[in-house]
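The values are calculated or read from the model by the stated rules, or taken from the named source; none is laboratory data. Owing to the predicted nature of the structure, the values given are computational and were not obtained by experimental measurement. For neighbour counting, all protein chains shown are included, and Cβ atoms are generated from backbone atoms with ideal geometry for every residue, glycine included. Note: areas computed on protein heavy atoms with side chains; ligands, DNA, RNA excluded. Shrake-Rupley method; radii C 1.70, N 1.55, O 1.52, S 1.80 Å.
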Amino acid sequence: MSLQNETVDVLCELLQSGDEADRCYAARTLGVLRSHSAVPHLIERLKDEDVDVCIDAAEALGKIGDESAVPALTDSLKNDTCGEVCSMVTEALGKIASADSVEVLVKVLTERPQGLEWDGDWDTWWDIQLEAVKALGAAGAEEVVDSLVDFINDDAQQDIENEVLGALVSISGVGLDRVIERLRDQSSKALHRRRAVRALAGSKSSKATKVLGRSLQDSDPEVRVEAAQALANQKAEHYLSALLLLLRDPSEEVRNAAIKAVTQLAGQVTDSGGLRKTLLPMLTDPSSQVRATLLNTLVPVVGGNPLSDDDFKVVIASTADASAETATAACRLLGENNNPGAISTLLEHVKNSEGHPMVRREAILAIGQLGQITDEIIDSLMNAVGDSQQPVRLAALTTLMALDAQCVEVDSAEAKEVFRRPLSIIIDAVSGSIRVPEKSKSEIVSEDAGVAQQQLDAASERTVQNGVVVEFDTDTEKHFAETKADPEIDENPIPQEIAKTIKLPDTPARIVEVDEVSPAISTLDAIAMENVETMLDKDKATQEAAEMDETTQEYLDVVEANKAEMRRIRASRRITPDQDVRRLGARVLAAANDDTAIEALIQALSDEDDLMRREAAEAIGEIAQRNRDNPKLMDAVGILITQLAVGDLEQKIACARSLSFLGNRSALAPLMEALNDKQANVRIEAIQSLARLSCDSLDPTVAGHMVVRDVPSTGVARRLLECLDDDSIGVRVAATRGLSKVLPVTRDETLTQRAVERIVASVSEFTGEEARLIGQALRAFDTSLSSRALLTQLKTAEDSVKRSVFIEMIEEILNPDQGQPEQAA
């Protein structure tokens, strides 16, 4: 007996003799496996005493698609009183789509099944009708068109017009024509025309597209909005000119829809000359959003067909537009246009420290695209690296790196003095040689107020940290801010008659000691800290005296961990502009291949700033992914190994990842040690890095690496096997995925079989939450080996909970929709 047939037999047996959970899981999996031999068993379950089993059986029959199930499904639709069951039966009949099933679907659309129960105040017939409409559309039978049209024209029926129109459109020919007729009827309600447009958007017919184009002139703005969106979704670029006219539509809603549609279609236009003739005269439009859209529309098409001199002057003038959005788009267009004549204008924006940061940022990036290198450009970019605005700083560093890639090394000392090499400026930024000028008090106050408002707006009402949910009341925050700013609110809310009765203490209050008052923090942080401190710090004597059970102690441990994590995150956000310059510089150096850049990053690995160390580690890893053969990279191995052992959480993760990309096998042993780390995220990254390095590393002899303690692939595999006992789901899943990569390299069939058996057994030893993830990972192993191990466990499982875990894993492995899993070597 084949493994597939054996699996089906076991599931069919559970379908008959198992409890309700067994029957549900078995039915669903038989449907996924498309097992025609299971159809008689599934038909029997349509009358199961458990409603969920009936639903799962009907769903499975629909997936299998065997026409022999139609009579039983029809009978169930007529006689079952449960709306959920009938809805699923209707969906199943639609998937089978035989002539008999279509007839049943048309009937149920207009005739309510006898005895069908309401679900409280909800008529479940609506769900059944909806499924019938979808199924009839998928069947594509022209004979049902009249029935569908009559249905939407019947005011007594429930409103599922959108779905019916969609079904009609999917019935090409007569069905599509009926929807077009509905749209052309200007005497009908705008609501019906709008819904017809929405339905036609899903059609691939040129006839539908033509009708949608005419609908841009519909008398109702909502129809025009829907038509613009539909044409964009259909990628109808030949209607771009018509859509551009809508940019001046009297309805703001239509103009916004036109802007989105034009932006979406701009990249597909081939006739850029004609497009420019249409767009550029509209740059005088009073709407800044329209002007910006016009310029952004030209960006994708101007590269292959540069602007004429007259058009170029128009765009140059637009960089000084009062709207920052328009000026930004103009700078972006100049970068794509590839005309060096724009450099002087762009440099003016770069040097204007009072200008909008996004305009200056785009001007800098445009200079990088133009690729010119002069002393003025280099000096301007160097000054921009120390700008007070972060977008400007990052753009300057990115552009310097782009220009450095084009920089040609020359031998003449006189030529070298013309301009500095761009890379040297980035390295200066990383070393801290470039400083950001201090701001005036007015600038600081303005920026702090903006940051505070951004933090308030971005505050989530629900934040999850390490599994504990912390609630933030954003409305309370806003109310607090508004209350403090209201001059009409009395600063002293205590009535005078009550205030007179308050007695002051005889003993004066004690003097506050130095450092006793906490530093000022944001209101949101104060709320979070107060919640934690109230739980942990107040009444310590009471807590110590009380005898806490294990659950309470575990909860308090989590809260304490969250408190520490909150402090760490808050501290990591407090960076000065000078620190930000260094951090951004390290990030940009990730795109370099020069030994000088690598040396700078290696030095940054020993920096006092933890963010700098992390950026440097990640940058080294990115360089190694592109070219790990550079021997200079190996100078970073020792420091990365050290910080893998002693760094903070993020640093350990960054170091582990980078070590795996460097390809030096001397990192295998330290990565094995990292599997003992207390942080699950570190263990997960260590597993992934071990698998990557074990399977893809440089030959130590050829590369000249000194590997004191090498770890063979079998050693790595055995250590990953031990990780299957980890308490963390993420670690166990990572270990399974790691084994799927490492075991083929070992070519040890005995070890592979042992690993599969251990993986399968480990899932049932815990909660089973990772069953599907593990099943997906097992696809990388030999299918028969994994399935056989799962069947063995399924047959001997002691309860339905454990059986459900194995059934889910079998489903993931044998699911035909997932394709054939890779076979182990």
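Numerical summary
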item: Qualifying positions in region 64-83 - surrounded by 18 or more Cβ atoms within 10 Å (Cβ to Cβ), assigned to a helix (DSSP H, G or I) and not hydrophobic (A, V, I, L, M, F, W, C); result: Thr74, Ser76, Gly83
item: Condition check for Lys235: outside any helix (DSSP H, G or I), surrounded by fewer than 18 Cβ atoms within 10 Å (Cβ to Cβ) and of a type outside the set (Gly, Ala, Ser); result: yes
item: Residue check, Ala363 assigned to a helix (DSSP H, G or I) and open to solvent by 60 Å² or more (accessible area, probe 1.4 Å); result: no
item: One residue from Arg255, Arg291, Arg332 being under 20 Å from Gln217 (Cβ atoms), in contact with a helix residue (DSSP H, G or I) (Cβ under 9 Å, 6 or more places away or on another chain) and not acidic (Asp, Glu); result: Arg255
item: Some residue of region 338-345 being open to solvent by less than 40 Å² (accessible area, probe 1.4 Å), part of a helix (DSSP H, G or I), within 24 Å of Ser388 (Cβ to Cβ) and out of contact with any strand residue (DSSP E or B) (no Cβ under 9 Å at 6 or more places or on another chain); result: yes
item: Qualifying residue in region 136-158 (condition: in contact with a helix residue (DSSP H, G or I) (Cβ under 8 Å, 6 or more places away or on another chain), surrounded by 18 or more Cβ atoms within 10 Å (Cβ to Cβ), at negative phi and among the charged types (D, E, K, R)); result: no
item: Conditions (1) open to solvent by 40 Å² or more (accessible area, probe 1.4 Å); (2) closer than 30 Å to Ile575 by Cβ; (3) modelled with pLDDT of 95 or more; number of the one not met by Ser353; result: (3)
item: From the options Arg291, Arg248, Arg255, residue that is closer than 24 Å to Arg361 by Cα and open to solvent by 20 Å² or more (accessible area, probe 1.4 Å); result: Arg291
item: Single residue of region 733-750 satisfying the filter (open to solvent by 30 Å² or more (accessible area, probe 1.4 Å) and assigned to a helix (DSSP H, G or I)) that is nearest to Ser713 (Cα to Cα); result: Val745
item: Which listed residue is free of Cβ contacts under 8 Å to residues at least 24 places away in the same chain and either in contact with a helix residue (DSSP H, G or I) (Cβ under 6 Å, 6 or more places away or on another chain) or open to solvent by 20 Å² or more (accessible area, probe 1.4 Å) (or both), from Glu615, Glu608; result: Glu608
item: Residues (assigned to a helix (DSSP H, G or I) and over 14 Å from Ala201 (Cα atoms)) located in region 218-232; result: Pro221, Glu222
item: Residue within region 301-311 that is touching a Phe, Trp or Tyr at 6+ places or on another chain (Cβ under 9 Å) and in a loop (DSSP other than H, G, I, E, B) present; result: yes
item: Hits in region 647-674 - residues which are surrounded by fewer than 20 Cβ atoms within 10 Å (Cβ to Cβ), hydrophobic (A, V, I, L, M, F, W, C) and farther than 19 Å from Leu605 by Cα; result: Ala669, Met672
item: Selected residue (only one of Arg23, Arg45 is at pLDDT 95 or above, charged (D, E, K, R) and open to solvent by less than 30 Å² (accessible area, probe 1.4 Å)); result: Arg23
item: Criterion (buried (at least 16 other Cβ atoms within 10 Å of the Cβ) and either under 28 Å from the mean Cα position of the chain (by Cα) or in contact (Cβ under 8 Å) with a residue 60 or more places away in the chain (or both)) met by exactly one of Ile687, Ile639; result: Ile687
item: Single match in Leu130, Leu165 (criterion: crowded, with 21+ Cβ neighbours inside 10 Å and either touching a Leu at 6+ places or on another chain (Cβ under 6 Å) or of a type in the set (A, V, I, L, M) (or both)); result: Leu165
item: Among (1) open to solvent by 70 Å² or more (accessible area, probe 1.4 Å); (2) over 18 Å from Asp311 (Cα atoms), the one test that Ala384 misses; result: (1)
item: So Ser251, is it farther than 26 Å from Val174 by Cβ, of a type in the set (S, T, N, Q) and either out of contact with any Leu (no Cβ under 7 Å at 6 or more places or on another chain) or free of Cβ contacts under 8 Å to residues at least 12 places away in the same chain (or both); result: yes
item: Residues satisfying the stated conditions in region 178-190, i.e. out of contact with any His (no Cβ under 8 Å at 6 or more places or on another chain), buried (at least 16 other Cβ atoms within 10 Å of the Cβ) and either of a type outside the set (A, V, I, L, M) or not in a helix (DSSP H, G or I) (or both); result: Arg178
item: Of residues in region 96-138 being of a type in the set (Ser, Thr, Tyr) and either in a helix (DSSP H, G or I) or touching a strand residue (DSSP E or B) at 6+ places or on another chain (Cβ under 7 Å) (or both), the one nearest to Ile64 (Cα to Cα); result: Ser101
item: Among (1) open to solvent by less than 30 Å² (accessible area, probe 1.4 Å); (2) part of a loop (DSSP other than H, G, I, E, B) - the single one Leu644 does not satisfy; result: (2)
